[in-house]
Amino acid sequence: MNNLDKTILIIDDSIIDSELLYEGLKEDYNIIVSNSSNEAILLLEEFTPDLILLDIVMPKINGFDLFLKIKESNKSKTIPTIFLSSSEDIEDKVKAFEMGASDYLTKPYNLREIKLRVEKHLKDFSYISKIKRKISTQNNNMVEIYEQLFDNFISLIFFRDKETANHLVRTEKYMHTLIKAYKKYYGANYLDENKISKASILHDIGKIAIPDSILQKPGKLTESEFETMKKHTTVGNEILNFSNDIFILDTFKYARDIAYYHHEKWGGFGYPEGLIGEEIPLVARLMAVVDVYDALVSKRCYKDSLSHDEVMKYIFKNENNQFDPSILAVLDKIHLNFKEISIKFAD
């Protein structure tokens, strides 16, 4: 079977053994031989073979150590590798497969067996690669679909209440600023300020189900009206809850947690679940600070705006029961950035 478009790298310090493999495979494959680990490392920087035949017992860098180096490189880590050894030691075989080897063949070689094993692993790798490419293409298509869906949700909010436009712009910028500072002070590098701040735009998406008579009421809400208003968190969760699907944007997962939990309070007296402290997702705890800040510093149909200093005084007065103290420690250092954002993007 002619596969001269496939390249096999033979790494074996034994010239006799490597020559035997070369002669046995050259009619079907493009063969490159390396008689030292150091030379093989340099070769792998220059090209990517389709399969590697790797001897275990070699001077300076043995096959196991070389295999680890191969796996460390993004360029070569997926290349199927067959270990070659004169040892029948079961421990060596187990170690090879635990490390991720595709196969383990012992000397003296049976060329017919080697040809069959090589052909099988090349076919398997080709099939797996094809499947991965197909999945990658599907995932990319899903990303585009969900990104468009996310943008449609934002448009829906704007259509529902055009006066919220600057509120959402401010919200995104507050979150981005707060998360960057939080990462700096606490080393929380797992937080993605771009995705989370974008997700924060949908924090009140559930309000699309709340009547205008309640949303735009100029006075204080009745107890019954407030209970209706509180449902925007559960509605938001229902709208965004499909983010448990097999593949979904992280942004939607953040948005769901923010929409559902951003009215929870550190002391446990918030809604809808009455969670306490760190039971509340971090992204929602961050959103709670941002949402309250912007709500108080902005003029609404039912209230006048407060000054930045008044808002900060209120927030820190409630730090032990409403907000996460660790977040407020960060806010204390960057609150003037919030003030700049509130002024620059005022309604």
Query - Residue with peak Gaussian network fluctuation, the chain [Cα springs, cutoff 10 Å], from T78, T234, T171 - result: T78
Query - Between region 2-25 and region 33-110, the alpha-carbon center distance in angstrom - result: 13 Å
Query raised in the report: What longest range of the chain stays clear of loop-exposed chymotrypsin sites (Phe, Trp or Tyr not before Pro) (DSSP non-H/G/I/E/B, at most 16 other C-beta within 10 angstrom)?
Result: 110-189
**Report entry** Computed Rg/Rh of region 3-133, alpha carbon atoms with Kirkwood Rh
**Finding:** 0.92
Query raised in the report: If you stretched the chain out fully between F47 and N321, how much longer would it get, using 0.36 nm times the residue separation minus the C-alpha to C-alpha distance?
Result: 92.6 nm
Query raised in the report: For E193 and L221 in the same chain, what is the full-extension length gain: residue separation times 0.36 nm, less their Cα-Cα distance, in nm?
Result: 6.6 nm
Report task. Of the DSSP beta bridges with both residues in the chain, give the percent that are antiparallel, rounding to the nearest 5. Result -> 5 percent
**Report entry** Relative contact order [Cα under 8 Å, 6+ residues apart], region 161-344, whole percent
**Finding:** 22 percent
Query raised in the report: How far is helix 37-46 tilted off the main Cα axis of the chain, in degrees rounded to 10, range 0 to 90?
Result: 60 degrees
Report task. Would you look at the GNM of the chain, springs on alpha carbons closer than 10 Å, and say which of P218, P59, P325 moves the most? Result -> P59
Report task. For the chain, set up a Gaussian network in which alpha carbons nearer than 10 Å are linked by springs, and say which option among K123, K195, K183 fluctuates the most. Result -> K123
**Report entry** Diffusion constant of the chain at 37 °C, which comes from Stokes-Einstein with the Kirkwood Cα-pair radius and 0.692 mPa s, µm²/s
**Finding:** 132 µm²/s
Query raised in the report: What relative contact order, as a whole-number percentage, does the chain give when Cα pairs under 8 Å and 6 or more residues apart are counted?
Result: 11 percent
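None of the figures in this text is laboratory data; all of them are computed from the coordinates on show. These figures come from a predicted structure and were not determined experimentally. Reconstructed Cβ throughout: ideal geometry from the backbone, glycine too, with neighbour counts over all protein chains shown.
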